[in-house]
Structure formats: structure tokens, C-alpha cells
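Take a look at the structure set out below.
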Amino acid sequence: MSPSHTPRTHDADACPAVREVLNRVGDKWSVLVVGLLGNGPKRFSELRRTIEGISQRMLTLTLRGLERDGLVTRTVEPTIPPKVEYELTKLGRTLLVPVHALEQWAVENRTSIHDAQRKYDAEQTHKDAAA
């Protein structure tokens, strides 16, 4: 086996902790927000414009969750209207390597995944028609 495919042992006691962390950092919106904030601080409106398909409410919830987990800081400048910026914390920046790796993997494998989906869907249609 290659080093990247070595089996890992899983500590049953660690599973709930791993699941809890992955629920936060593994959802699609959090991954996108962390990736964008990796380029530097961003205002809410800039994040909203950049992340296609995210609602204002979902972005607010995502940023609050990331802030609660210590991955993002929120800075409010007392201007009129207030200027609010979000930035990765030191802990949040540690996520950039796996997030960028996941982004790269998605880009490299998008065509293969779409091909597999089309093949699967065609097979399912054929099975459904035969049933």
C-alpha cells in the first residue's frame, strides 16, 4: 500500500469529537468561507457576493459558528454604517492546507465525478425501465 492509503486505527472515544469538529468545518459553506478568508479579511457583503447560492441567513449562521469555534474573528469599526470584517484566527489558518487540498481535489476530479454520475443515472434509468 502507498503511504497515502495506509489503514488508520480509529479510537472509538475520539469519534464523537471528530464528528463534532467535522460538522462545523466540513460543511460546504464553512469550507468556502475559510477558503475565501484565507486571502485576507473580508466584509460580509463581499463574502455574500462571492459565495454563489448562500443566503444572508446561512452566511450569518456560518460566520457565527466559525467565530464561536475560534476559527474566525469579527471586527466592527464604529463608522456609520458600521464596517464589519471577518478574518481567520491563527487556529482558522491551520485549516487552509486541508481546505486548499480539498478544493484542488474537487477541481482535478470534477469531470470524473460528473462522468460517474451520468453513467450511474443512465444505469438507474435503464433498470427502472426494465422493472
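Just from its helices, what would the mean residue ellipticity at 222 nm be for the chain, if runs of 4 or more DSSP H residues each count -39500 (n - 2.57) and the sum is divided by every residue, rounded to the nearest 500 deg cm²/dmol? Mind dumping the intermediate values first?
Values: 6 runs with 80 residues, N = 131.
Calculated from helices alone, the mean residue ellipticity at 222 nm is -19500 deg cm²/dmol.
Using 0.36 nm times the number of residues separating Ser45 and Arg57, minus their current alpha carbon distance, what extension gain do you get?
Numbers: separation 12, 0.36 × 12 = 4.32 nm, distance 1.23 nm.
My answer for the length gained is 3.1 nm.
Under 18 Å Cα-Cα from Lys83, which lysines qualify once same-chain neighbours fewer than 8 residues away are excluded?
The qualifying lysines are Lys42.
Using label points projected 7 Å from each Cα along Cα→Cβ, tell me how many nm separate Ala131 and Thr89, to one decimal.
4.9
May I ask for the net charge around Ser30, where only other residues with Cβ less than 10 Å from the Cβ of Ser30 are counted and Lys, Arg are +1 while Asp, Glu are -1? It would help to have the intermediate numbers written out before the result.
Working: positive: Arg24, Lys28; negative: Asp27, Asp69.
The answer is 0.
Taking a temperature of 37 °C and a viscosity of 0.692 mPa s, what whole-number D in µm²/s does Stokes-Einstein yield for region 73-131 with Rh from Kirkwood over alpha carbon pairs?
Details: Rh = 15.8 Å.
Rounded, D is 208 µm²/s.
With only alpha-carbon atoms counted, please give the Rg and Dmax of region 36-114, in Å.
When restricted to Cα atoms, region 36-114 yields Rg and Dmax of 14.5, 49 Å.
Just going by the charge dipole of the chain, with Lys and Arg at +1 and Asp and Glu at -1 on Cβ, which of Leu66, Val25, Thr125 is farthest out on the positive end?
So the residue furthest toward the plus end is Leu66.
Helix 56-68 versus the longest principal axis of the chain: what angle, 0 to 90°, nearest 10, using Cα atoms?
So the helix axis and the longest Cα principal axis differ by about 80 degrees.
With all protein chains present, calculate the accessible area of His126 using a 1.4 Å probe and round the result to the nearest 10 Å².
Probe radius 1.4 Å; accessible area of His126 about 130 Å².
In square angstrom, what is the accessible area per residue of region 10-131 with a 1.4 angstrom probe?
Numbers: 8920 Å² over 122 residues.
About 73 Å² of surface per residue is accessible.
Around Thr89, which amide H atoms from residues at least 5 apart in sequence, or from another chain, sit under 5 Å from its own amide H, with H modelled in the peptide plane?
Long-range HN contacts for Thr89: Val72, Thr73.
The values are calculated or read from the model by the stated rules, or taken from the named source; none is laboratory data. Just so it is clear, the model here is predicted, and its values are computed rather than measured. We place every Cβ from the backbone using ideal geometry, glycine too, and count neighbours over all the protein chains shown. Each accessible area value is taken on the protein alone, full model and side chains, heavy atoms only, with ligands, DNA and RNA left out. Shrake-Rupley method; radii C 1.70, N 1.55, O 1.52, S 1.80 Å.
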